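Data first, discussion second: the structure below is written as structure tokens.
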Amino acid sequence: MVRSSAVTLALGYVALGLVALVLFAAPLWYAWQGTIREGRAEILQADAQRLSDVYRREGIEGLRNFIDARIRMQIAGDRILLLTDASGRPLAGNLDAWPSVPTVPGDYRVQFDLRDRGGLQAVLVHVASLGKFNLLVGRDNRLFAPLEQRFWYGLTGAIAVLFIAGLLIGVITRRALMSRVDSIRQTVSAIIHGDLKHRLPTHLSDDELNTLSRTINGMLDQIEQLVHGVRNVSNSIAHDLRTPLAELRSRLEELALIRPPPEQTFGEIDGAVADVDRVIRIFDALLRLAEIDAGLRRSGFVAVDAAELAATAVEFYAPAAELKEIALTFRTEGSTAAAGDPVLLAQALSNLIDNALKFTPNDGRIDVSVQSRSGGSVEISVADNGPGIDDAEKAKVVERFYRGDASRGTPGVGLGLSLAQAVAKLHGSTLELSDLNPGLRVLLTIPADSPAAQPASDVPAPSSPARLPGVAATSP
């Protein structure tokens, strides 16, 4: 228990309290000593003045009688009085001889044995001169010893109470912390054993542990999402790679068995190469998404012209649109300067336009626009008049390897919109999908400026999407 952080913290507070108590008691003790010393000196001077007045009124005999009467009346040893002649012979008082104190008037501290109390005493005395006589008036310093003892007893008691209270508070705090820590340990133990649904308990209070629990719960939510994502991606990879690999094996096995003529053999080889390219595209897409998720591509942020990127992509896909008799238009307005990764932005644009071409019917229309918005952001919009996407599927089409019912008969592996969504997230935005009835509008927003952005001349943008490394455009 001594190693407990709560007890250690409590002991630290106790030590701090003791230091504060000592710092408070030290000046108090100094003031006490100074007050007592000054009070004693004033009392002695007043006694000496009173005896001097008696000497002036009644002479030496009257003073002797007055001193003897005072000694008989007082508590033994409380007041020390001695009257001597010029030779130092005692005339009255409770001392047998003049102590080792100068006969010069003043205040002195001396130690000697008292006749009626015995033992060595510390006495403060005041010496006065009465003509040819000498008067010594003193007080026993031990009269104030009980008060001093009470002071030290009180200080010791305060230290003891502070120490015991600190230990009790430390034990109580330790028990409270251990109950919270034990709940955290149980949750973490359950998560270690594979139950990712467990979460740390939280309370209504916003104390430090509760804030930490909420932060950890947020981290656990993200971890659970990532683990499920990895599982889904692994299952999807296994499912989507099985088909091209099976087709590749079938082609090669057929060539090995029947050994067809060269023309047919080369045709099958071309088909095998296409299957291999499909597998490579899947892995390239996953690697690109992994880089984006890790934020590694932020180092490639430069100042880019979003309108120029969009115009290049529209020009690249214009022949494909013309074959389907689709009107592919482009318009821009306002400043389109933005900060981002030109390669990823061009890839995302090519994916969005390619998806629109796949699902827009013949004689349809696709509009690509780039315009600036308030706050300096730039919006890139791709709108078509195709069948659109159901509201229930809009949240799913940006998931990796997801393919809706409408895309079953089209080529692709379901990574196009996933990559576009990842690019949007990398640029601090999200991919917005909205209905046009009929048709679909996809909006990608990118910031106008970024501290990490460098001049566009440092990293040249690609001239066309065809030159982009990685994934070809894929459907959702």
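The values are calculated or read from the model by the stated rules, or taken from the named source; none is laboratory data. What you see is a predicted model; the values in this text were computed from it and never measured. Glycine also receives a Cβ, built like all others from the backbone with ideal geometry; neighbour counts cover every protein chain displayed. Accessible surface areas use protein heavy atoms only, side chains included; no ligands, DNA or RNA. Shrake-Rupley method; radii C 1.70, N 1.55, O 1.52, S 1.80 Å.
At-a-glance table
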quantity: Selection within the stretch 375-400 - open to solvent by less than 10 Å² (accessible area, probe 1.4 Å) and not hydrophobic (A, V, I, L, M, F, W, C); calculated: SER381, GLY386
quantity: In the stretch 218-257, residue modelled with the highest pLDDT [restricted to those that are surrounded by 11 or more Cβ atoms within 10 Å (Cβ to Cβ) and of a type in the set (Val, Ile, Thr)]; calculated: ILE223
quantity: Out of VAL171, VAL137, sole residue that is β-branched (Val, Ile, Thr) and closer than 30 Å to VAL104 by Cα; calculated: VAL137
quantity: Any pair with Cβ under 9 angstrom, 6 or more apart, that starts in the stretch 181-203 at a residue that is farther than 19 Å from GLN225 by Cβ and in contact (Cβ under 8 Å) with a residue 24 or more places away in the chain and ends at one that is open to solvent by 70 Å² or more (accessible area, probe 1.4 Å) and part of a helix (DSSP H, G or I); calculated: ILE184/LEU212
quantity: Qualifying residue in the stretch 194-207 (condition: assigned to a helix (DSSP H, G or I), surrounded by fewer than 14 Cβ atoms within 10 Å (Cβ to Cβ), modelled with pLDDT under 80 and out of contact with any Phe, Trp or Tyr (no Cβ under 9 Å at 6 or more places or on another chain)); calculated: no
quantity: Some residue of the stretch 171-193 being open to solvent by 70 Å² or more (accessible area, probe 1.4 Å), farther than 17 Å from GLY17 by Cβ and outside any helix (DSSP H, G or I); calculated: yes
quantity: Hits in the stretch 103-151 - residues which are farther than 28 Å from TRP32 by Cα and at pLDDT 70 or above; calculated: THR103, VAL104, SER129, LEU130, GLY131, LYS132, PHE133, ASN134, LEU135
quantity: Strands (runs of 3 or more DSSP E) enclosed by the stretch 319-374 - at least 3 residues per element that are in contact with an Asp or Glu (Cβ under 6 Å, 6 or more places away or on another chain), open to solvent by 60 Å² or more (accessible area, probe 1.4 Å) and closer than 19 Å to ARG441 by Cβ; calculated: none
